[in-house]
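First up is the structure itself, then whatever we jot down about it.
Read-outs: derived from the displayed coordinates by stated rules, not from any lab. Computed from a predicted structure; not experimentally measured. Heads up, the Cβs are rebuilt from the backbone with ideal geometry, glycines too, and the neighbour counts pull from every protein chain shown.
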Amino acid sequence: MERFEYEISTHVGNAFTKLAYICSQEGVCSLEEVAGEEPQILVDLMNERGLQGWELIQLVSGKQGVMAFWKRRLISGGVL
């Protein structure tokens, strides 16, 4: 049976001043006014955690920042 551990990390909003995911009433979503460096900040974060074995499950953004939900597979006696 596979086992996993989970982690939630938070990242302050000043690193993501223009990252906004907008959804219309019809459910169509798009990125609006995303500054050039902000997607790279997310890529760097995901690559750093990925090298440690973490998989990003979900990312939630708001005015105060970003919350990331991670999981990674466990083996008996530790992390895979």
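Each of Arg3 and Phe69 was given a label point 7 Å from its Cα along the Cα-to-Cβ line. The distance between the two points is 2.2 nm. The label-point distance for Glu26 and Leu56, in a model that sets each label 7 Å from Cα toward Cβ, rounds to 2.8 nm.
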